[in-house]
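Participant: Here you go, one structure.
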Amino acid sequence: MRLIRRLALGLATALLPAAALAGAQLYEPLAASVRAALHAAIADRASPEPQFPSVQEKVNWLTEMSGRLSRRMPDREGRLEFLKTVYYEAKRAGLDPQMVLGLIQVESGFKKYSVSSAGARGYMQVMPFWVGLIGSKDNNLFHTRTNLRFGCTILRHYLDIENGDIYRALGRYNGSLGKPEYPNMVRGAWEKQWRWGPQVIGPR
């Protein structure tokens, strides 16, 4: 009977959606200089065409990623616009776009209007307190570009705090610093679903 219960529990855990471990950033007081820098980072609303190493690389990346995302986002035009914005905002923040895609998969399952039990919103599950902390009252976290801009800026902030340690930065992003489950889920999605070319994960 115990074995059956364990097997059932294991199966139930395996069937949980990836977003089951989506958490929430924790509010931490920021120095005025940090708030100013983060505000400046999210203030530029313009999102021009992302710059790739070459036109061919752009075509290849968008075609490949669009194919991988097609089941989750059936609308091709919307899917390509989303991918361009992910690439632009990730690169703007000094992040790997494939890692950001892995994070979005775990956080929201690519659901634009996802809301966590803690109130985190949108693709990258950004906590609303960030709007008051570094944004402005007209920032809508369900707006694709706004959500990705905030999410990438916040993750970059955590990476800087953690001196480039992606595991600890992801733990902070999820509100689960020190626990391996969330960073490992993002790493798994990053490596298995979104790998593109050479990839460096960083220290545990």
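The values are calculated or read from the model by the stated rules, or taken from the named source; none is laboratory data. Computed from a predicted structure; not experimentally measured. Cβ: placed from backbone, ideal geometry, glycine included. Neighbour counts: every protein chain shown.
Participant: State the number of residues belonging to the stretch 102-136 that are among the aromatic types (Phe, Trp, Tyr) and at pLDDT 95 or above.
Facilitator: Selection size over the stretch 102-136: 3.
Participant: Conditions first: (1) within 24 Å of PHE82 (Cβ to Cβ); (2) surrounded by fewer than 22 Cβ atoms within 10 Å (Cβ to Cβ). TYR182 passes all but one, so which condition is the exception?
Facilitator: So the condition that TYR182 fails would be (2).
Listed here are the residues, each with its yes/no results for (1) assigned to a helix (DSSP H, G or I); (2) in contact (Cβ under 8 Å) with a residue 40 or more places away in the chain.
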position: LYS84; (1), (2): yes, no
position: LYS91; (1), (2): yes, yes
position: GLY94; (1), (2): no, yes
position: GLN105; (1), (2): yes, yes
position: TRP130; (1), (2): yes, yes
position: ILE154; (1), (2): yes, yes
position: TYR173; (1), (2): yes, yes
position: TYR182; (1), (2): yes, yes
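Participant: Let me ask you something else. Restricting attention to the stretch 48-68, report how many residues are aromatic (Phe, Trp, Tyr) and at pLDDT 95 or above.
Facilitator: Selection size over the stretch 48-68: 1.
Participant: Of the residues ARG76, ARG71, ARG45, which single one is at pLDDT 95 or above and in contact with a Ser or Thr (Cβ under 9 Å, 6 or more places away or on another chain)?
Facilitator: Only one candidate passes the filter, namely ARG76.
Participant: Report yes if VAL115 is farther than 28 Å from ARG68 by Cα and without any contact (Cβ under 8 Å) to a residue 40 or more places away in the chain, otherwise no.
Facilitator: Here the answer is no, as VAL115 does not meet what is asked.
Participant: Mind listing whichever residues of the stretch 116-130 are touching a strand residue (DSSP E or B) at 6+ places or on another chain (Cβ under 7 Å) and surrounded by 19 or more Cβ atoms within 10 Å (Cβ to Cβ)?
Facilitator: If the condition is that a residue be touching a strand residue (DSSP E or B) at 6+ places or on another chain (Cβ under 7 Å) and surrounded by 19 or more Cβ atoms within 10 Å (Cβ to Cβ), then ALA120, ARG121 are the ones that fit.
Matching residues to (1) more than 12 Å from the chain's Cα centre (by Cα); (2) surrounded by fewer than 19 Cβ atoms within 10 Å (Cβ to Cβ):
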{"residue": "GLY94", "(1), (2)": "yes, yes"}
{"residue": "PRO97", "(1), (2)": "no, no"}
{"residue": "GLY109", "(1), (2)": "no, yes"}
{"residue": "SER114", "(1), (2)": "yes, no"}
{"residue": "GLY132", "(1), (2)": "yes, yes"}
{"residue": "HIS143", "(1), (2)": "yes, yes"}
